[in-house]
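A.B. asks: Below is a structure I'd like to ask you about.
Derivation of every value follows stated rules applied to the coordinates shown; laboratory data play no part. Model, not experiment: these values are computed from the prediction. Positions of Cβ are generated from backbone atoms using ideal geometry, with glycine treated the same way; all protein chains shown enter the neighbour counts.
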Amino acid sequence: MKKNIENTINALEKHGFNAEFVADAEAAKKKILERIPRDAKVGIPGSKTIRQLGLDKALVERGAIVFDHWQAGLSEEQVLKMRKAQLRSDVLLSSANAITETGELYNMDGVGNRIAPMIFGPELVIIVAGVNKLVPDLNAARERLQKIAAPRRASELNLKLNCTAAGECDDCNSPGRICRAELILHRQPALTEYEIYIVGQELGN
């Protein structure tokens with residue numbers, strides 16, 4: 001695993017991303033909070049990892065403007081407004097479905113508010129991923145999405161999909177399908193700064 005992490009970080013940096021290894025979630029949280037300007041507007045799209053680190057609560061507690069559509073009690077209209085605001089945030093906090101040892105970021109989305117601002121909008125995108133998200137290549141990234149990430153997320157949302165029953169994607173056409181848009185970042189987008197933290201423990205789906 002140590003060699004895999006080293007290879008992944010080297011490949012990401014070769015592709016223009018800033019990447020580093022952090023020992024655990026608490027250390028990652030501290031680094032990220034120090035990195036985010038206190039006056040920044042922060043977008044947090046759907047990411048279990050970010051919330052496991054407690055970054056959503058920590059940012060709110062220090063008075064930051066946070067666009068988080070997972071807040072309790074929001075109406076459908078408010079959720080939509082939060083999602084659109086994430087596109088215009090100064091800093092975007094998210095994870096990835098997979099990060100390849102060849103230096104690509106892989107993500108699948110249902111709505112698009114998570115992957116759209118990863119390409120353009122925020123000045124800084126911060127990606128946090130546990131070692132469970134590391135895979136050898138893009139084929140393995142898709143396989144991880146189909147067999148692990150998507151079925152787990154669909155199950156958490158109590159969606160009645162084939163993947164929740166079978167535990168594996170079968171490329172369904174269900175109205176409730178959550179795998180609709182695929183994003184592969186082969187290089188850092190030209191006008192967006194990236195910081196990627198690979199954490200030495202399992203996080204997220």
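A.B. asks: Does residue 128 satisfy the condition of being touching a Ser or Thr at 6+ places or on another chain (Cβ under 6 Å) and under 21 Å from residue 42 (Cβ atoms)? Steps first, answer last, please.
C.D. replies: Details: touching a Ser or Thr at 6+ places or on another chain (Cβ under 6 Å): yes; under 21 Å from residue 42 (Cβ atoms): yes.
In short, yes.
A.B. asks: If you scan segment 41-60, which residues turn out to be of a type in the set (A, V, I, L, M, F, W, C) and in contact with a helix residue (DSSP H, G or I) (Cβ under 9 Å, 6 or more places away or on another chain)?
C.D. replies: 42, 44, 50, 53, 55, 58, 59, listed by residue number.
A.B. asks: State which residue is farthest from residue 198 (Cα to Cα) when the search covers only segment 38-63 and only residues that are of a type in the set (Val, Ile, Thr) and crowded, with 16+ Cβ neighbours inside 10 Å.
C.D. replies: Filtering segment 38-63 for residues that are of a type in the set (Val, Ile, Thr) and crowded, with 16+ Cβ neighbours inside 10 Å, the one farthest from residue 198 (Cα to Cα) comes out as 42.
A.B. asks: Hey, can you tell me all the residues within segment 81-130 that are within 14 Å of residue 193 (Cβ to Cβ), surrounded by fewer than 20 Cβ atoms within 10 Å (Cβ to Cβ) and touching a helix residue (DSSP H, G or I) at 6+ places or on another chain (Cβ under 9 Å)?
C.D. replies: Within segment 81-130, 121, 124 meet the criteria.
A.B. asks: Let me ask another. Among the residues of segment 149-172, is there at least one that is touching a Leu at 6+ places or on another chain (Cβ under 8 Å), part of a loop (DSSP other than H, G, I, E, B) and not aliphatic (A, V, I, L, M)?
C.D. replies: Yes: one or more hits.
A.B. asks: Report yes if some residue within segment 140-159 is under 30 Å from residue 37 (Cβ atoms), touching a strand residue (DSSP E or B) at 6+ places or on another chain (Cβ under 7 Å), surrounded by 16 or more Cβ atoms within 10 Å (Cβ to Cβ) and hydrophobic (A, V, I, L, M, F, W, C); otherwise report no.
C.D. replies: There is no residue in segment 140-159 that is under 30 Å from residue 37 (Cβ atoms), touching a strand residue (DSSP E or B) at 6+ places or on another chain (Cβ under 7 Å), surrounded by 16 or more Cβ atoms within 10 Å (Cβ to Cβ) and hydrophobic (A, V, I, L, M, F, W, C).
A.B. asks: Could you check segment 56-77 and list, in sequence order, the residues that are in contact with a strand residue (DSSP E or B) (Cβ under 6 Å, 6 or more places away or on another chain) and either more than 21 Å from residue 178 (Cα to Cα) or of a type outside the set (Asp, Glu) (or both)?
C.D. replies: If the condition is that a residue be in contact with a strand residue (DSSP E or B) (Cβ under 6 Å, 6 or more places away or on another chain) and either more than 21 Å from residue 178 (Cα to Cα) or of a type outside the set (Asp, Glu) (or both), then 56, 59, 60, 64, 65, 66, 67 are the ones that fit.
A.B. asks: Right, another one. Pull out all pairs, ordered by first then second residue, where Cβ-Cβ is under 9 Å, the residues are six or more apart or on different chains, the first lies in segment 191-205 and is more than 14 Å from residue 96 (Cβ to Cβ), and the second is among the acidic types (Asp, Glu).
C.D. replies: 191/123; 192/123; 193/123; 200/24; 201/24
A.B. asks: Let me ask something else. Name the residues in segment 15-30 that are surrounded by 15 or more Cβ atoms within 10 Å (Cβ to Cβ) and charged (D, E, K, R), would you?
C.D. replies: Passing the criteria: only 29.
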